[in-house]
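Below is one structure, written out as structure tokens; the observations come after it.
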Amino acid sequence: MGVFTYETEFTSAIAPARLFKAFILDADNLIPKIAPQAIKGAEIVEGDGGPGTIKKITFGEGSQFSYVKHKIESIDKENFTYNYSLIEGDVLSDKIEKISYETKLVASPDGGSIIKSVSHYHTVGDVEIKEEQVKEGKEKASGLFKLIEGYLQANPDAYN
């Protein structure tokens, strides 16, 4: 098994606490509401929402995939960190065993956030993951993030 690591960092005008509430804590409700073509729904399959919880995310009709299952590894509401693994679903194919994600939101000097994300692709055997494949997924995730950011900017009283 090999591990391919990909790091990204981007900024938002939204403060970390508010962004964490919407982007992490309530994403299962918010994303299907503002982007039903991307995410149809999310449900907890096992657990209480904390570490060890397994969630099933069903993609919308606009997606080439049907579903994924996430396992929450850790969540820290005070330090705005969230770690989870994608453990099942047609996104993984026969080349990837799992993908682990580490997300951290930190305050930026302008009152917004810096979002730091690290993805670890655990491959089957000696399979290599091409950066172009990772970028395609990251672009879709970035698009969802921009929708959430736009929603928060248009609804200043939401998630305070």
Worksheet item: Restricting attention to the stretch 93-136, and to residues there that are among the small types (Gly, Ala, Ser) and in contact (Cβ under 8 Å) with a residue 40 or more places away in the chain, which single residue is nearest to Asn79 (Cα to Cα)?
Response: Ala107
Worksheet item: Which of the residues spanning the stretch 94-138 are outside any strand (DSSP E or B), modelled with pLDDT under 95, in contact with a strand residue (DSSP E or B) (Cβ under 8 Å, 6 or more places away or on another chain) and within 30 Å of Pro156 (Cα to Cα)?
Response: Lys138
Worksheet item: Quick one: in the stretch 27-47, which of the residues that are at pLDDT below 95 and part of a loop (DSSP other than H, G, I, E, B) is nearest to Ser119 (Cα to Cα)?
Response: Ala38
Fill in: Members of the stretch 75-107 found to be among the hydrophobic types (A, V, I, L, M, F, W, C), open to solvent by 50 Å² or more (accessible area, probe 1.4 Å) and either over 21 Å from Lys56 (Cβ atoms) or under 11 Å from the mean Cα position of the chain (by Cα) (or both), listed by number
Ala107
Item to complete: Report, by residue number, each residue of the stretch 1-26 that is closer than 16 Å to Asn160 by Cβ, in a loop (DSSP other than H, G, I, E, B), open to solvent by 60 Å² or more (accessible area, probe 1.4 Å) and not small (Gly, Ala, Ser).
Response: none
Worksheet entry | Cβ-Cβ under 6 Å pairs, at least 6 apart or on other chains, the stretch 77-91 side touching a residue at least 24 places away in the same chain (Cβ under 8 Å), far side of a type outside the set (Lys, Arg) and open to solvent by 40 Å² or more (accessible area, probe 1.4 Å) | Tyr82/Ile75; Gly89/Tyr67; Asp90/Phe65; Asp90/Ser66; Val91/Phe65
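The values are calculated or read from the model by the stated rules, or taken from the named source; none is laboratory data. Being a predicted model, the structure only gives us computed values, none of them experimental. Glycine gets a Cβ as well: all are built from the backbone with ideal geometry, and neighbour counts include every protein chain shown. Heads up: the accessible areas ignore ligands, DNA and RNA and are worked out on the full protein's heavy atoms, side chains in. Shrake-Rupley method; radii C 1.70, N 1.55, O 1.52, S 1.80 Å.
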